[in-house]
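> One structure follows; several queries about it will come next.
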Amino acid sequence: MSLFSLSTEHIMTNPTVPEYLYHLIPNGLTLVFSVTCLISVTLGTALFRRHKYMKLCEKIPGPPVQLPLFGSFTELFLERHKILPHFINLYYKWANEKSLMRLWIGPIPWFVLGSAQSTEVILGSNKIIDKSRAYEYLYPWLATGLLTSTGSKWHKRRKLLTPAFHFKILEDFVHVFNEQSAVLVGKLSEKVGQEFDIFPYITLCTLDVICETTMGRHVDAQSKSDSDYVQSVYKMTQIILARQTQPWLQPDWLFRLSSLGADQKRCLSILHNFTDQVIRERKAKHRKIGQQRQEDSPEKDNDEFVSKKPRLAFLDLLIEASQDGKVLSDLDIREEVDTFMFEGHDTTAAAINWSLFLIGGNPEVQEKVSEELTRVFGESDRPVTMADLTELKYLECCIKEALRLYPSVPIYARELMEDTNICGYTLPVGATVLIVPCIIHRDPTYFPDPESFKPERFFQENIQGRHPYAYVPFSAGPRNCIGQKFALMEEKIILASVLRRFHIKSLDKPEDLPLLIEVILRPRDGIRLQLTHKTLLNN
């Protein structure tokens, strides 16, 4: 018989029952009652708060919950190339007059912003700087570098790294852009007259550029695309995407049991070992240079040594800023170098590819680009200079218009750490906010005939008065892309190098090109072009 099954009558009539049980039975019942009440009150309070939370979220329109554990997520259980158009259709179906839409992704509300006014509240804030949970899958590779960090760490890193993108420092990278563009042109010359996908050619070129400018190291991706490092970069990008889009891979313990978990472990070993080795070599080189400076006479230091000073990579600037580990440790340097590697090649490659696709599909635009290139370079094949870049105004407008229609980063996601008012609606703490440039950039208020490719939208006289958050291909506000000047310089030089030598023809129409929302906005089947040597056209 259990203690709590004894009745009071049994105790009173049974002299063998110890006297202390007279007090224990009521106390035990009180304890059970108290615990039950506590659980009930806690559960009731949690349910009430959850109900209140959901009612607050439901004030913003959106598709209904279809399954309790998935919310509206089943709306996106589609083939990959159908997700973006369906997502955009959902937005236009459900978004209210304030351009807000609500989705339930499991128990978490997601709010989609599609207007310049609502976007400004998020991107323009100095407080709403926390990236969404989806960025956590970058941690194994990038740790908490500039892209993924928040709070005081992000503020300190941003302040520390901003000088590395000064105009004078970026000028030193022009020779790298030109050298790798020349390699690309050589590779493309082999494809003249053929129908081919140009996307991987551009991507390998930008990978070569970012490796050399970030680490000062040649990886020769355009010639050795099967190298372990190059393949690991691509594989890690695929793994990150898989975890972001496949819920069963998101719990760490399940992911570690999967084949992708083993792949990630192998790729991280290759990527981190490579970066660590380069950091060690560059630090040793810095120590050697420092010793030479001390040993050399002042006259030699001012003349011969300065003239032989090597061009710096971002890694060198980080090493100098580290103050021998007092400000940045080797691990801190690695996470920033890896972040530059991740952010700096795919996004730029996408912008260049989409620019070629749109220019190649609009002959009148390509003719204007050719006229500008001829005016700047004549018939010469000399490298592009910084002075030339300021003259390539129409080409820059083409790039900006391509980024309007096909922004390299299709979605920005922030997590709200406090209740936030947007256009008269309260978005609750814990919600995820999605900023979708594909939608924002097609607002006819700011971009009439939004589906058309019109570079003149970005002529100086046409951007006057436009809402500053109506065009956000590099994000905006305090967490805007730190490398946007670097990216635009690289894009202009690579595009100028290709378009000075080839006439391009796009073989697909925009409406026939299925798109994938990955780490970047990517065409499912690549970008098919046909190239013709300009010398042949002139003959």
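> Within the set of pairs 6 or more residues apart or between chains, which connect a residue that is at positive phi inside segment 354-376 to a residue that is in a helix (DSSP H, G or I) with Cβ atoms less than 9 Å apart?
If the second residue must be in a helix (DSSP H, G or I), no pairs are left.
> Restricting the first residue to segment 191-219 and requiring it to be of a type in the set (S, T, N, Q), which pairs with a second residue that is surrounded by fewer than 20 Cβ atoms within 10 Å (Cβ to Cβ) and part of a strand (DSSP E or B) meet a Cβ separation below 9 Å and a spacing of at least six or different chains?
As it stands, the answer is 194/530, since those pairs meet every condition given.
> Considering every residue within segment 120-140, establish whether at least one is in the same structural domain as residue 261 (by TED's automatic domain parsing), crowded, with 21+ Cβ neighbours inside 10 Å and among the small types (Gly, Ala, Ser).
no
> Oh, and also: Of all the residues that make up segment 329-380, how many are buried (at least 20 other Cβ atoms within 10 Å of the Cβ) and among the small types (Gly, Ala, Ser)?
So the answer is 6.
> Check off (1) at pLDDT below 85; (2) closer than 22 Å to residue 209 by Cα; (3) not polar (S, T, N, Q) for residue 267 and give me the number that stays unchecked.
With respect to (1) at pLDDT below 85; (2) closer than 22 Å to residue 209 by Cα; (3) not polar (S, T, N, Q), residue 267 is out only on (1).
> Cβ contacts < 7 Å: first residue under 10 Å from residue 516 (Cβ atoms), restricted to segment 76-91; second residue among the aliphatic types (A, V, I, L, M), any location; separation 6+ or different chain. Result?
80/516; 81/515; 81/516; 83/76; 83/517; 84/515; 84/517
> Count, please, the residues in segment 456-468 that happen to be outside any loop (DSSP other than H, G, I, E, B) and either of a type in the set (Asp, Glu) or out of contact with any helix residue (DSSP H, G or I) (no Cβ under 9 Å at 6 or more places or on another chain) (or both).
Number satisfying all stated conditions: 2.
> Would you be able to say whether some residue in segment 306-313 is among the charged types (D, E, K, R), over 19 Å from residue 162 (Cα atoms) and either assigned by TED's automatic domain parsing to the domain that holds residue 203 or at pLDDT 85 or above (or both)?
yes
> How many of the residues making up segment 126-148 are more than 13 Å from the chain's Cα centre (by Cα), in a loop (DSSP other than H, G, I, E, B) and within 23 Å of residue 234 (Cα to Cα)?
Count: 2.
> Say whether the condition of being under 22 Å from residue 204 (Cβ atoms) and among the aliphatic types (A, V, I, L, M) is met by at least one residue in segment 248-265.
Scanning segment 248-265 turns up no residue that is under 22 Å from residue 204 (Cβ atoms) and among the aliphatic types (A, V, I, L, M).
> Answer with yes or no whether residue 440 is within 21 Å of the chain's Cα centre (by Cα) and buried (at least 17 other Cβ atoms within 10 Å of the Cβ).
So residue 440 passes the test.
> Out of (1) in contact (Cβ under 8 Å) with a residue 40 or more places away in the chain; (2) not in a loop (DSSP other than H, G, I, E, B), the odd one out for residue 61 is which?
(2)
> For segment 79-94, state whether one or more residues are part of a strand (DSSP E or B) and in contact with a helix residue (DSSP H, G or I) (Cβ under 7 Å, 6 or more places away or on another chain).
No.
> Would you mind stating whether residue 231 is part of a loop (DSSP other than H, G, I, E, B) and either in the same structural domain as residue 336 (by TED's automatic domain parsing) or out of contact with any Phe, Trp or Tyr (no Cβ under 7 Å at 6 or more places or on another chain) (or both)?
Answer is no for this residue.
> Still on this model: For segment 203-226, does any single residue satisfy the condition of being on the phi > 0 side of the Ramachandran plot and of a type outside the set (Gly, Ala, Ser)?
yes
> Now for a different question. Output the number of residues of segment 445-463 satisfying the condition of being without any contact (Cβ under 8 Å) to a residue 12 or more places away in the chain and not hydroxyl-bearing (Ser, Thr, Tyr).
Residues flagged as without any contact (Cβ under 8 Å) to a residue 12 or more places away in the chain and not hydroxyl-bearing (Ser, Thr, Tyr) within segment 445-463 amount to 7.
To keep it simple, each residue is scored yes or no on (1) assigned to a helix (DSSP H, G or I); (2) not aliphatic (A, V, I, L, M).
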position	(1), (2)
158	yes, yes
177	yes, yes
183	yes, no
187	yes, yes
191	no, yes
200	yes, yes
207	yes, no
222	no, yes
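> Filter the strands (runs of 3 or more DSSP E) completely within segment 379-455 down to those with at least 2 residues that are of a type in the set (A, V, I, L, M).
Filter on segment 379-455 gives 432-435.
> Can you give me the number of residues within segment 64-111 that are among the hydroxyl-bearing types (Ser, Thr, Tyr) and over 22 Å from residue 415 (Cβ atoms)?
Selection size over segment 64-111: 2.
> Only one residue in 138, 100, 113, 90 is modelled with pLDDT of 90 or more, touching a Leu at 6+ places or on another chain (Cβ under 9 Å) and more than 27 Å from residue 481 (Cβ to Cβ). Which one?
90
> Give segment 422-444 a look and list any residue that's farther than 27 Å from residue 147 by Cβ and without any contact (Cβ under 8 Å) to a residue 60 or more places away in the chain, or say none.
Across segment 422-444, the qualifying residue is only 444.
The values are calculated or read from the model by the stated rules, or taken from the named source; none is laboratory data. Just so you know, these numbers come straight off a predicted model, no measurement behind them. In this analysis, Cβ positions are derived from the backbone assuming ideal geometry, glycine residues included, and neighbour counts consider all displayed protein chains.
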